[in-house]
Each structure stands twice: as structure tokens, then as C-alpha cells.
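The values are calculated or read from the model by the stated rules, or taken from the named source; none is laboratory data. The model shown is predicted, which means the values in this text are computed figures rather than measured ones. Cβ placement follows ideal geometry from the backbone for every residue including glycine, while neighbour counts extend to all protein chains displayed. Just the protein is used for accessible areas: all its heavy atoms, side chains included, with ligands, DNA and RNA removed. Shrake-Rupley method; radii C 1.70, N 1.55, O 1.52, S 1.80 Å.
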Amino acid sequence: QVQLVESGGGLVQAGESLRLSCAASGSFFRINTMGWYRQAPGKQRELVARIGRDGSTNYADSVKGRFTISRDNAKNTVFLQMNSLKPEDTAVYYCNAVVHLRLYDLGGDYWGQGTQVTVSS
């Protein structure tokens, strides 16, 4: 099976930075897209940023210019550098990966357990 383990969440003040990491482990052929989603209390889960295997990225408008997603394909790891954090960034952040278990399968969605990010004003 595939496991995604996140780290790096915490409590910071507005304007500060955090770096999230997510490492994938298990038995699989390849990881395609990796991304970060977040869910605030009472709200739906939303995309924050995602990155293709080729390094192509897209971001939610609310984080453009403040957050940077990157990945290390050799280590099956994705990162989210979050700068100039705002109270509205407070949420549980979830790592996501589209994983191909075998060469010709369609790929499946896998999720981490989530890590809390709290930004105080």
C-alpha cells in the first residue's frame, strides 16, 4: 500500500513562515501529480497547490505569490513553503498524490492524515 506522511505544521503569527513536507512510501510504480489541499472548520476541502512530475505547478489565487510548492522525485516527497501567512490560512493541510501502482493502471488518489496550521493575528 501507499502511505503519505506529512510534517511541519504548527502555530505561527501572521506574517511568519512554515514549511510542510510530505513523504510517500510503500510499493508503487510511479507518483504522478502531488499536491496540498486544506480544510478550515465548517468549509469544504480546497486545493492549495499542486505540482506535476515535470515540475509544472498551479496555485489557488489566495496563495499565489506567498506559497511555493516543490518536489523531489527521487525521494517521493513534496514540499509547501508558506510565507507571509495570514489568519485565513488556518486549516488542516492534507497531502495528496496520484499514484500508479503498476505501469498501466489509471492511478489512484492517496491522502495523508493532515497537519494543522494555525496562524494567529
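In summary, the lysines within cross-link reach of residue 43, defined as a Cα separation below 18 angstrom excluding same-chain residues under 8 places away, comprise 86. Per residue, the chain exposes 54 Å² of accessible surface when a 1.4 Å probe is rolled over the protein heavy atoms with every protein chain present. Once you have all Cα-Cα distances for the chain, histogram them in 5 Å bins from zero and send the whole-percent values. The percentages, shortest bin first, are 2, 12, 23, 25, 19, 10, 6, 2, 1, 0. The magnitude of the dipole of segment 10-100, with charges of +1 and -1 set on the Cβ of Lys/Arg and Asp/Glu and taken from the Cα centre, is near 180 debye. Of the residues 78, 98, the one with the largest accessible area comes first in the ranking 98, 78, computed with a 1.4 Å probe on protein heavy atoms. Residue order by solvent-accessible surface for 88, 6, 16 is 88, 16, 6, largest first, with ligands and nucleic acids left out and a 1.4 Å probe. Take residue 106, project a point 7 Å from its Cα along the Cβ direction, then tell me which residues of segment 25-42 have their backbone nitrogen under 19 Å from it. From segment 25-42, the list is 29-34.
Computed with every protein chain present, the accessible area of residue 101 is close to 70 Å² [probe 1.4 Å].
The amide H of residue 16, built 1.01 Å from its N in the peptide plane, has 85 as neighbours under 5 Å, considering only residues 5 or more places off or on other chains.
Among the protein heavy atoms of the chain, carbon and sulfur supply 47% of the accessible surface, probe 1.4 Å, non-protein parts ignored. Modelled this way, with points 7 Å down the Cα-to-C-beta line, the labels at residue 68 and residue 19 are 1.0 nm from one another. Binning the alpha carbon pair distances of segment 18-80 at 10 angstrom intervals from zero yields the distribution 21, 51, 25, 4, expressed in whole percent.
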